[in-house]
Amino acid sequence: MQLTLNIFCCLLSGFLCVNVATEKSFLKIKDNRSLPLVINTWSFTEANSAAWHVLNQKPSGNALDALVEGCATCERLQCDGTVGYGGSPDENGETTLDAMIMDGSNMNIGAVAGLRQIKDAINVARHVLEHTKHTLLVGDAASNFAEMMGFQRESLTTNKSIDILEAWRNNNCQPNYWLKVYPEPTERCGPYRPISLANSELRNYLSRYEYQIGRYNHDTIGMIVVGPGGQIYAGASTNGATHKIPGRVGDSPIPGAGAYADNEVGAAVATGDGDIMMRFLPALVAVEGLRAGRTPTEAAEVSMQRIVRHYRDFSGALVVVDRFGNYGAACVGMEKFPYSVVNGDATQKTRVEYTYCKRAMYL
């Protein structure tokens with residue numbers, strides 16, 4: 001009986017200690033909060049400043065307007081050629097756009113993928129969020145929806161995107177995303193036909209993950225806005241992977257992959273090799289890491305670790321924010337990863353911070 005009582009007391013004591021520690025940790029985080037906040041992937045400072053300006057407008061400034069304006073600014077500026085019109089042409093030379101917005105208060109999402117001939121992808125995503133019961137619209141049908149909402153069709157091709165296509169074709173269509181096809185895709189352009197792995201060269205199979213990912217290719221603006229009252233929106237906009245096979249969609253418009261938000265805990269946005277990232281839902285994993293008690297940096301690192309265990313040459317990054325305004329990032333496959341952030345009172349200015357990447361992060 002005494003032994004049972006001692007065990008019970010120890011368990012109770014341990015429970016109380018855990019609760020006290022958790023409460024202290026909670027208070028520590030809460031004391032350090034700095035809201036409102038705008039944070040986004042890469043050194044897209046113009047986008048960050050545009051969102052911050054909208055967020056601090058009185059009395060009408062709100063987190064959704066800020067997020068949309070921030071991403072729309074990057075679309076207009078064609079940030080690094082990887083966001084907006086005129087960049088990342090597919091194999092046919094066409095630029096298509098992907099975008100998503102997630103509302104952390106109710107988990108509603110508006111997204112578009114493979115959007116053709118419409119420049120304002122993030123605004124079309126907002127119309128999906130606000131004027132439909134759907135989550136994601138794709139391709140020409142998404143463009144038709146945009147027209148009904150008042151957007152104008154126009155060419156997304158520019159002289160630069162034409163030059164990119166011509167240079168690629170003159171280089172025997174290298175690099176590309178084909179596997180197990182003939183003619184040999186590492187040597188020649190298509191059209192291609194399928195062959196079995198047994199009859200293909202091994203290097204054709206391995207080359208799938210040799211395509212270099214970085215700031216000027218396969219990039220995205222992912223943005224998180226936390227309003228002064230704790231309202232969280234997360235979103236993303238991109239023109240996808242350069243020389244992609246027509247019809248390809250990456251992680252940016254996929255909930256939990258390109259972005260995820262939950263007012264109860266925080267949000268995360270991703271950038272990098274979307275074909276791989278969407279298989280692991282890294283933004284969702286990071287947010288659930290926050291729910292489990294991890295710091296933003298820890299949550300980002302654990303999410304990246306899951307991917308690297310399967311794809312050692314993977315390149316990508318995550319930015320994570322908890323609901324109190326604490327933030328962090330993690331990256332792999334690059335030397336360092338920049339992100340833009342501003343928080344606190346309206347007088348604060350956008351700054352660029354860096355996280356240094358780990359070549360491999362294994363559990």
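Quickly run through segment 111-127 and pick out the residues that are closer than 15 Å to residue 225 by Cβ and not basic (Lys, Arg).
Step one: filter segment 111-127 for residues closer than 15 Å to residue 225 by Cβ, giving 122, 125-126.
Answer for segment 111-127, where residues must be closer than 15 Å to residue 225 by Cβ and not basic (Lys, Arg): 122, 125.
Could you tell me whether any residue of segment 98-117 is under 18 Å from residue 220 (Cα atoms) and assigned to a helix (DSSP H, G or I)?
Within segment 98-117 (the criterion being under 18 Å from residue 220 (Cα atoms) and assigned to a helix (DSSP H, G or I)), the answer is no, since none of the residues qualifies.
Is it the case that some residue within segment 190-206 is closer than 30 Å to residue 42 by Cα, of a type in the set (Lys, Arg) and at pLDDT below 95? Walk me through how you get there before you give the answer.
Within segment 190-206, the subset closer than 30 Å to residue 42 by Cα is 206.
Keeping just the survivors that are of a type in the set (Lys, Arg) gives none.
Scanning segment 190-206 turns up no residue that is closer than 30 Å to residue 42 by Cα, of a type in the set (Lys, Arg) and at pLDDT below 95.
Restricting attention to segment 302-313, report how many residues are open to solvent by less than 10 Å² (accessible area, probe 1.4 Å) and in contact (Cβ under 8 Å) with a residue 60 or more places away in the chain.
Final tally of qualifying residues: 0.
Being more than 22 Å from residue 232 (Cα to Cα), open to solvent by less than 10 Å² (accessible area, probe 1.4 Å) and touching a strand residue (DSSP E or B) at 6+ places or on another chain (Cβ under 7 Å) narrows it down to one of 328, 333, 316, so name that one.
Selected residue: 316, the only one of 328, 333, 316 that is more than 22 Å from residue 232 (Cα to Cα), open to solvent by less than 10 Å² (accessible area, probe 1.4 Å) and touching a strand residue (DSSP E or B) at 6+ places or on another chain (Cβ under 7 Å).
For residues that are farther than 17 Å from residue 316 by Cβ and open to solvent by 10 Å² or more (accessible area, probe 1.4 Å), tally how many sit in segment 249-263.
First pass over segment 249-263, keeping only residues farther than 17 Å from residue 316 by Cβ: 255, 261-263.
Imposing the further condition that a residue be open to solvent by 10 Å² or more (accessible area, probe 1.4 Å) reduces the set to 255, 262-263.
Going through segment 249-263 one residue at a time, the tally reaches 3.
Given the options 142, 111, name the one that is over 20 Å from the mean Cα position of the chain (by Cα), open to solvent by less than 20 Å² (accessible area, probe 1.4 Å) and of a type in the set (A, V, I, L, M).
142
For segment 31-49, which positions are surrounded by fewer than 23 Cβ atoms within 10 Å (Cβ to Cβ) and in contact (Cβ under 8 Å) with a residue 12 or more places away in the chain?
Within segment 31-49, 32, 33, 34, 35, 43, 45, 46, 49 qualify.
Among all residue pairs at least 6 apart or on different chains, which show Cβ distances below 9 Å where the first residue, located in segment 170-182, is in contact (Cβ under 8 Å) with a residue 40 or more places away in the chain and the second is buried (at least 17 other Cβ atoms within 10 Å of the Cβ) and among the aliphatic types (A, V, I, L, M)?
177/241
When you look at residue 187, is it open to solvent by 60 Å² or more (accessible area, probe 1.4 Å), among the acidic types (Asp, Glu) and within 23 Å of the chain's Cα centre (by Cα), yes or no?
No: the conditions fail for residue 187.
From 272, 266, which residue is open to solvent by less than 10 Å² (accessible area, probe 1.4 Å), within 20 Å of residue 68 (Cα to Cα) and among the small types (Gly, Ala, Ser)?
Checking each option against the conditions leaves just 266.
Kindly evaluate residue 166 against the criterion of being closer than 21 Å to residue 242 by Cβ, at pLDDT 95 or above, part of a helix (DSSP H, G or I) and out of contact with any helix residue (DSSP H, G or I) (no Cβ under 8 Å at 6 or more places or on another chain).
The answer is yes for residue 166.
Which condition number in (1) surrounded by 18 or more Cβ atoms within 10 Å (Cβ to Cβ); (2) assigned to a loop (DSSP other than H, G, I, E, B); (3) of a type in the set (Ser, Thr, Tyr) is the one that residue 347 fails?
Evaluating residue 347 over (1) surrounded by 18 or more Cβ atoms within 10 Å (Cβ to Cβ); (2) assigned to a loop (DSSP other than H, G, I, E, B); (3) of a type in the set (Ser, Thr, Tyr) leaves (1) as the failure.
For segment 24-42, give me the residue count where each residue is at pLDDT below 95, of a type in the set (Ser, Thr, Tyr) and either assigned to a loop (DSSP other than H, G, I, E, B) or within 23 Å of residue 354 (Cβ to Cβ) (or both).
1
The values are calculated or read from the model by the stated rules, or taken from the named source; none is laboratory data. Because the structure is predicted, anything quoted here is derived from the model rather than measured. Backbone-built Cβ (ideal geometry, glycine too); neighbour counts: all protein chains shown. Ligands, DNA and RNA are stripped out before the accessible areas are found, and what is left, the full protein with its side chains, is counted by its heavy atoms. Shrake-Rupley method; radii C 1.70, N 1.55, O 1.52, S 1.80 Å.
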